[in-house]
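To start, the structure under review is shown below, and the notes come after it.
The values are calculated or read from the model by the stated rules, or taken from the named source; none is laboratory data. Computed from a predicted structure; not experimentally measured. We place every Cβ from the backbone using ideal geometry, glycine too, and count neighbours over all the protein chains shown. The accessibility values were calculated without ligands, DNA or RNA, using every heavy atom of the protein model including side chains. Shrake-Rupley method; radii C 1.70, N 1.55, O 1.52, S 1.80 Å.
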Amino acid sequence: SLLLCSLVCGSRSSSIAAFAYLIIGLFYLPVFHGGGSVGYMLTPGFGYLAGFIPAAWISGRLAERIGKRDPVKLTLCSLVGLTTLQLFGIVHLILGSFIGIWSTDFFQLLYTYTLAPLPSQIILSTAIGMIAALMKLILLI
């Protein structure tokens, strides 16, 4: 939904939405997969959530510049956003493993949080590009 928002609404709106989601999850409501609260920053999955803001901005900015209503270009924008999100998550895993926050092996965490869900995320990114093109056409954006 984040990438779809960024492709349709643009970089500014989607970045604000991603920031609001993080703030609400960290300080108010348990909206994340494992709940919420400030303590969630110490979980292996937090890097992927932190990557929402740059992923939203980058994919939204690309869509504003090159995407327009072309489903192929919008799919590429979505894949760039997914890559950004994954990179932030991997960096968080590396730092957490280096510091010793988690007892689980780094490669097991990498598989669980990045490699295992990646094929379905790539398929979803392709669908998001097509849906975004259709939504932009319907909404006359």
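Assorted remarks:
- Residues that are within 24 Å of Ile138 (Cβ to Cβ) and touching a Gly at 6+ places or on another chain (Cβ under 9 Å) do occur in segment 79-89.
- Number of positions in segment 108-133 that are in contact (Cβ under 8 Å) with a residue 60 or more places away in the chain and among the aliphatic types (A, V, I, L, M): 5
- Ser78 under 13 Å from Ser6 (Cβ atoms), among the polar types (S, T, N, Q) and at pLDDT 90 or above: yes
- Taken together, the residues in segment 4-17 that are closer than 18 Å to Ile138 by Cβ and either open to solvent by 20 Å² or more (accessible area, probe 1.4 Å) or part of a helix (DSSP H, G or I) (or both) amount to 7.
- Identity of the residue in segment 81-122, in a helix (DSSP H, G or I) and of a type in the set (Gly, Ala, Ser), that ends up nearest to Leu62 (Cα to Cα): Gly81
- Looking only at segment 66-96, and only at residues there that are more than 18 Å from Ile53 (Cα to Cα) and not aliphatic (A, V, I, L, M), the one that is most open to solvent (accessible area, probe 1.4 Å): Lys68
- Checking Gly67, Gly36, Gly25, Gly10 one by one, the residue that is under 23 Å from Thr126 (Cβ atoms), more than 12 Å from the chain's Cα centre (by Cα) and modelled with pLDDT under 90 is Gly67 and no other.
- Checking Val91, Val31 one by one, the residue that is within 22 Å of Leu124 (Cα to Cα) and either touching a helix residue (DSSP H, G or I) at 6+ places or on another chain (Cβ under 9 Å) or modelled with pLDDT of 95 or more (or both) is Val31 and no other.
- Considered as a group, the residues in segment 37-53 that are out of contact with any His (no Cβ under 7 Å at 6 or more places or on another chain) and not in a helix (DSSP H, G or I) include one that is surrounded by the fewest Cβ atoms within 10 Å (Cβ to Cβ), and that residue is Ser37.
- Unique residue being in contact with a Leu (Cβ under 9 Å, 6 or more places away or on another chain), aromatic (Phe, Trp, Tyr) and either open to solvent by 50 Å² or more (accessible area, probe 1.4 Å) or under 28 Å from Leu26 (Cβ atoms) (or both) when the list is Trp102, Trp57: Trp102
- Selection within segment 18-36 - crowded, with 18+ Cβ neighbours inside 10 Å and not in a helix (DSSP H, G or I): Phe32
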